1. Taking all protein chains as present, what is the carbon and sulfur share of the accessible area of the chain, in % to the nearest whole number, probe 1.4 Å?
2. With a Förster radius of 45 Å, plug the Cβ-Cβ distance of W30 and L215 into 1/(1 + (r/R0)^6) and report the FRET value to the nearest 0.05.
3. Could you report the chain's accessible area per residue, 1.4 Å probe, as an integer in Å²?
4. Using helices alone, I'd like the mean residue ellipticity at 222 nm for the chain: each DSSP H run of four-plus residues gives -39500 (n - 2.57), total over residue count, nearest 500.
5. In region 141-186, if every C-alpha pair distance is counted and binned at 5 Å from zero, what percent goes to each bin?
6. Karplus couplings for region 141-157 from phi (6.51 cos²θ - 1.76 cosθ + 1.60, θ = phi - 60°), rounded to Hz, Gly and Pro as x?
7. Could you point to the label whose value was computed as volume of the Cα convex hull per residue in Å³ for the structure here, given [x] 162; [y] 136; [z] 294?
8. Considering every Cα-Cα pair within region 89-196, what fraction, in whole percent, is farther apart than 22 Å?
Amino acid sequence: AAQTMYQGRGRCGVNQMRGSAFVSIRPGDWDAVPPLATDKAPYNQQQFGGTLRGPIVRGRLFYFGSYEHRRERSHTVVTSPAAAGTIVATPADESQPHIRIDAQLSERHALAVRYNRVGWNQDVELGGLNLPGSGFLVDNDVDTVHAQFNSALPSTFTNELRAQFSRYHDDRVSKPRTPTITRLGYSIEGADVFSGAGSGVNPEDTVDVSDTVSLA
């Protein structure tokens, strides 16, 4: 019955340590020059991560962990006559850690708990008529904890209880502390170049609970 409870439960329930890793590199030197442009802004991206899973207590308690990171180093070009041709960095980083624990509590009961996070940070510069330093900083994160309790009831019934808590945080702050100055068709500088700068969600919490009884 214990083996049956693990069927279809993903990568976690294994009695041997296993892992994997990957790396993906995108060199911007290979990109073509955009249409109607005479040059291209520097760009490169790296993506890497891996997984690890195995037993804590053989046949009873298991773990699975993964991590993925994306590192983007992009740039934008200022076309305003006040700083024509200036290249401004707009770096961004995204991370996704994940961990899951599976426990076979008895022949009829199994518990799985997992935590995952998606974190995004970026230094945003709009380029064009927007002068260097008139952008904003983004800090965007989502944390989620999820629990699942499976029970094999008498006869052919099964019960699946799920509960989840999620917290979403979004913060956007203008880099300059000066008023916005717009010279029509010439340049834009100062705070609040982006309408969403300074706003966001701090934080937003969500709770979900569900229970499902099935007849096989």
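The values are calculated or read from the model by the stated rules, or taken from the named source; none is laboratory data. Fair warning: this is a prediction, and the values are worked out from it, not measured in the lab. We place every Cβ from the backbone using ideal geometry, glycine too, and count neighbours over all the protein chains shown. Each accessible area value is taken on the protein alone, full model and side chains, heavy atoms only, with ligands, DNA and RNA left out. Shrake-Rupley method; radii C 1.70, N 1.55, O 1.52, S 1.80 Å.
1. For the chain, the apolar C and S fraction of the accessible surface comes to 56 percent.
2. Values: r = 56 Å, r/R0 = 1.25.
Between W30 and L215 the formula returns 0.20.
3. On the way: 12770 Å² over 216 residues.
Dividing the accessible area of the chain by its residue count gives 59 Å².
4. -500 deg cm²/dmol
5. Result, from short to long distances: 5, 12, 12, 9, 9, 8, 7, 8, 6, 5, 5, 4, 4, 3, 2, 1 percent.
6. 9, 10, 10, 9, 10, 10, 10, 9, 10, 9, 9, 9, 7, x, 6, 10, 8
7. Answer label, from the structure shown: [x].
8. Here the tail beyond 22 Å accounts for 56 percent of pairs.
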